[in-house]
Amino acid sequence: MTTEIITGAEIVIRCLQKENVKFVFGYPGGAVLNIYDAIFQQKSFKHVLVRHEQAAVHAADAYSRATGDVGVALVTSGPGATNAVTGIATAHMDSIPIVIISGQVPTHAIGEDAFQECDTVGITRPCVKHNFLVKDVKDIGSTIKKAFYLAATGRPGPVLVDIPKDITAETAEFIYPKNISLRSYNPVKQGHSGQINKALDLLINAQKPMVYSGGGVVLGNASDALTEFVKLLDFPITNTLMGLGGFPASHENFLGMLGMHGTYQANMAMQECDVLLAVGARFDDRVIGNPEHFLAKPKKIIHIDIDPASISKRVKIDIPIVGDVKLVLEDLISAFKALKSNSSNNLHTDWLNTINLWKQKDCMSFQDDGTQIKPQKVIQKLHEVTNGDAFITSDVGQHQMWAAQYYPFDKPRRWINSGGLGTMGVGLPYAMGCQLAFPDSQVACVTGEASIQMCIQELSTCKQFNLPVKIVNLNNRYMGMVRQWQEFFYGNRYAESYMDALPDFVKLAESYGHIGMKIENSSDIEGALKEAFSPKLKERLVFLDFITDQTENVFPMVASGKGLSEMILADDAEDL
Amino acid sequence: MRHIISLLMENEAGALSRVSGLFSARGYNIESLSVAPTEDQSLSRMTIVTSGSAQIIEQIIKQLNKLIDVVKVLDLHDGDHIERELVLVKVKANKQYRDEVQQLTNSYGGRIIDSSENILTIEFTGTSTEIDNYLKSLNNSFVVEIVRTGASGIGRGDRILKI
């Protein structure tokens, strides 16, 4: 038997092949030159050259969000790694499985303040699920295997593998373990049957039940199970920002998003329910507001989550069920079907009537006299023109909330945004990751004139890789969400929130080889979108610069630190 | 409330900073932390003295368990346990104070492990409270240096932290 001895760099490539990686998002540099030389000589995956390492990680992150597979980014040492940190932290906050391979200075130079040296493992430690520094060429295979395994299992997250340059030049036999078992890491999959039965008992006897689901349902591919269970029980349901698409928005039981900019009916139902089922969600500050206020109305809470640390973190849970959300929901469905009498439905009829009254508040209506472009209307038209079936990425701010509010998602993994870290600049690289994963699908990046400038250089990457993303720029010449807070809470003192000296986005798009359109009249919204998504422009990136109403605010709004039911509605806004 | 948490973790480079980083990142208290290899070379044992409400301690245990390198975590306060800490104290011991220090140390069960003309060095082992009490009994103006190890702990009887 002959064993094949290859370089560390080649081993890295073989590992990625074993993991069926299709795209590596990266940027070369000194410490990863050996790896890039090996990439040059292979054909199994495509390397996507970004224009800034932050975008490499964002694009890998979006690829994972859209497909469910592990995304891969490759960066060099020092500044390559530090530029990647924003991307890594973004993925970490939203529990996205990605593997980041970073180059490091040669082993003998570590600690000597070498050129482009930084303590990558130290810097990234607080914002990864786990990280490794490879010190021996023989360890590359098992380390990368562990990285993919850790990223994708349990509560997913980013895993970084730091490889010194000399290690990629040394040679060893390529060994890739088939399976990995770690004595210190055994995530629970199956939920506890006793807890499941207790939960079901509570649910079927609830008079005012409510379901609240988050990003865990999307990540855990549990949308079908959740939808079936909620339909069986005929319960009302809300999704978090990260959970949108986890339950079909067009279903009558869906109350819209909850939280700081959630609907009146969703927030009221969260506050007033007697039994709450939380699935793959974490009761964060933007979702339930002030926990004391939230619990002021007594309620029993059931919480299904893969991460034990998410349970009872901000809110005390009555019935925790730790496990894979999909498996737990399937167990709940079987247990419910096994019950002889399914007559529980009548118990909450009054409650559904109450919710219908809340819906009549019509909290999402907005004033539109047709004189100026209303951002909400742009999103509504985007939904119409794309038949509600596009991948929608967003940046962070008002436009993000409007996209979440006015583009109802019926499928999971279609809404791609930075929920936890709230990273401005993700929109365009996120759109790149989605478009590469689904070249024949419509991909729109909903953004603002502030956010888009944080990763604008990626227009160049889009040109190189022919990514026909449609950029919907809601241009209000303000950092809109900052301006909104300054208007509400800082006496209209608009400190540094005005975007002065904006570029001509049409010319900018054209200079990168794309198509730019400036839309200033409300009556032109639909025509412009239709043209951008027309077969004629199917192969082209189109930058749609919508000049919108500068004064528009996002409603409803729960002010920071307030309770969920203490919403400011659009109608009340004049009293502020 | 004060808790002593014992844990076993993979003896990897950076393991200690993963634990200390967790405490600082999440704003948990840390009174003392001691770490050393175990009889199994692949494992380190760490003892952390911390304090917080029941809810915070529950989160600390969960967050520690979530660290990939942590193999096992035990809150010693969940059952009977023994706690010991070592202190080394250096005191100025001129003729008049020398006898007093020797007597005091004997009565507490400490040992004088080094003595020179003007200085006595004392070793004392006990619970952290016993150490506090012993140190309080010494005349402050004679104490020149104190080194405490931080507490170590172990379960009583058949309460064993092992993999």
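Here, each number is a calculation from the coordinates, and none is a lab measurement. From a predicted model like this one, the values you see are computed outputs, not experimental measurements. Reconstructed Cβ throughout: ideal geometry from the backbone, glycine too, with neighbour counts over all protein chains shown.
Laid out as a table, the results:
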read-out: Spatially proximal lysines relative to A:Lys337 (Cα-Cα < 24 Å; intrachain offsets below 8 disregarded); value: A:Lys189, A:Lys198, A:Lys208, A:Lys231, A:Lys300, A:Lys326
read-out: Charge dipole of region B:82-152 about the Cα centre (unit charges at C-beta), most positive-ward option of B:Ile146, B:Thr125, B:Tyr97; value: B:Tyr97
read-out: For region A:438-451, Karplus couplings with θ = phi - 60° (6.51, -1.76, 1.60), whole Hz, Gly/Pro x; value: 10, x, 9, 8, 7, 10, 10, 9, 8, 8, x, 5, 7, 4
read-out: Least to most buried among A:Glu19, A:Glu170 (fewest other Cβ within 10 Å first); value: A:Glu170, A:Glu19
read-out: Dipole moment magnitude, nearest 20 debye, region A:193-359 about Cα centre, only Lys, Arg, Asp, Glu C-beta charged; value: 220 debye
read-out: Approximate shape of region A:193-359 as ellipsoid semi-axes (Cα gyration tensor, √5λ), whole Å, largest first; value: 20, 19, 16
read-out: FRET efficiency for B:Ala36 and B:Asn106, using Cβ-Cβ distance with R0 set to 22 Å, rounded to 0.05; value: 0.15
read-out: Under 17 Å from B:Lys162, Cα to Cα: aspartates and glutamates that are on another chain or at least 8 residues apart; value: B:Glu10, B:Glu39, B:Asp40, B:Asp69, B:Asp75, B:Asp78, B:Asp80
read-out: Residues with amide H under 5 Å from that of A:Gly78, placed H, sequence gap 5 or more; value: A:Cys118
read-out: Which of A:Phe336, A:Ile96, A:Phe247, positive extreme of dipole for chain A (C-beta unit charges); value: A:Phe336
read-out: 5 angstrom amide H check on A:Val72, placed H, neighbours 5+ away; value: A:Phe25, A:Val99
read-out: Taking region B:1-112 and dividing mean pair separation by its residue count, relative contact order in percent (alpha carbons under 8 Å, at least six apart); value: 32 percent
read-out: Proxy reagent accessibility, fewest Cβ within 10 Å first, across A:Ser184, B:Ser141, A:Ser418, A:Ser522; value: B:Ser141, A:Ser184, A:Ser522, A:Ser418
read-out: Cα extents of region B:2-78 along the three principal axes, largest first (Å); value: 35, 25, 20
read-out: Reciprocal of mean inverse Cα separation for region A:375-554 (Kirkwood radius, Å); value: 16.1 Å
read-out: Number of partner chain Cβ atoms within 10 Å, mean per residue of B:66-73; value: 5
read-out: For region A:143-279: rounded, prolate or oblate by the Cα gyration tensor [a/c cutoff 1.5]; value: prolate
read-out: Hydrodynamic radius of region A:272-406 per Kirkwood, over alpha carbon pairs, in Å; value: 18.7 Å
read-out: Ranked by how many other beta carbons lie within 10 Å on average, peptides A:39-46, A:275-282, A:253-260 from highest; value: A:275-282, A:253-260, A:39-46
read-out: 3J(HN,Hα) from dihedral phi, region A:511-524, Karplus parametrisation 6.51/-1.76/1.60, rounded to Hz, x for glycine, proline; value: 5, 8, x, 10, 9, x, 9, 10, 10, 10, 10, 4, 6, 9
read-out: Computed lengthening from A:Asp285 to A:Phe40, 0.36 nm per intervening residue step minus Cα-Cα distance; value: 83.5 nm
read-out: Region A:81-120 and region A:316-376: distance between their alpha carbon centers, rounded to Å; value: 42 Å
read-out: Per-residue average of Cβ from other chains inside 10 Å of A:119-127; value: 2
read-out: Reach of A:Lys135 by Cα under 16 Å, taken over lysines that are not fewer than 8 positions away in the same chain; value: A:Lys145, A:Lys146, A:Lys165
read-out: Rounded, prolate or oblate (a/c below 1.5 giving rounded, otherwise prolate when a/b exceeds b/c) for region A:276-352 by Cα gyration tensor; value: oblate
read-out: Pair A:Glu112, A:Tyr494: separation of 7 Å Cα→Cβ label points (nm); value: 5.5 nm
read-out: Efficiency of FRET between B:Thr125 and A:Ser184 - r from beta-carbon atoms, R0 22 angstrom, step 0.05; value: 0.10
read-out: Where a label projected 7 Å from the Cα of A:Asn521 along Cα→Cβ would reach, residues of region A:365-382 with amide N under 15 Å; value: A:370-374
read-out: Mean separation of Cα contacts under 8 Å (6+ apart) over length of region B:82-152, as relative contact order %; value: 51 percent
read-out: Other-chain or far-sequence residues with amide H under 5 Å of A:Gly256's (modelled H); value: A:Asn239
read-out: Highest-MSF residue in chain B out of B:Gln63, B:Gln55, B:Gln102 [GNM, Cα springs under 10 Å]; value: B:Gln55
read-out: Ascending count of other beta-carbon atoms within 10 Å, so fewest first, for A:Thr86, A:Thr548; value: A:Thr86, A:Thr548
read-out: A:Asn387 versus A:Ser534: modelled label distance in nm, points set 7 Å from Cα along the beta carbon direction; value: 1.9 nm
read-out: Positive minus negative residues near A:Val322 (Lys, Arg vs Asp, Glu; Cβ under 15 Å); value: +2
read-out: Mean-position separation - Cα centroids, region A:445-517 and region A:1-75, in angstrom; value: 30 Å
read-out: Binned Cα-Cα distances of chain A, short to long, each 10 Å bin given as a whole percent; value: 4, 17, 26, 25, 18, 9, 2, 0, 0
read-out: Along principal axes, Cα extents of region B:7-163, largest first, whole Å; value: 56, 34, 32
read-out: Mean separation of Cα contacts under 8 Å, 6 or more apart, over the residue count of chain A: relative contact order %; value: 14 percent
read-out: Euclidean distance between Cα centres, region B:43-106 to region A:160-189, Å; value: 36 Å
read-out: In order through region A:260-267: 3J(HN,Hα) via Karplus (6.51 cos²θ - 1.76 cosθ + 1.60), integer Hz, x for Gly, Pro; value: 3, 10, x, 6, 4, 5, 5, 5
read-out: Span per principal axis, largest first, for the Cα atoms of region A:5-173 (Å); value: 37, 33, 30
read-out: Efficiency of FRET from Cβ geometry, A:Leu295 and A:Asp234, R₀ 25 Å, rounded to 0.05; value: 0.45
read-out: Estimated distance in nm for a label pair at A:Phe438 and B:Ser20, the labels positioned 7 Å out from Cα along Cα-to-Cβ; value: 4.7 nm
read-out: Computed log₁₀ I(q)/I(0) - Debye formula, equal Cα scatterers, no solvent, region A:319-474, q 0.19 Å⁻¹; value: -1.13
read-out: Cα gyration tensor, region A:22-91 - rounded (a/c under 1.5), prolate or oblate; value: oblate
read-out: DSSP-defined beta bridges in chain A - what % are antiparallel, rounded to 5; value: 10 percent
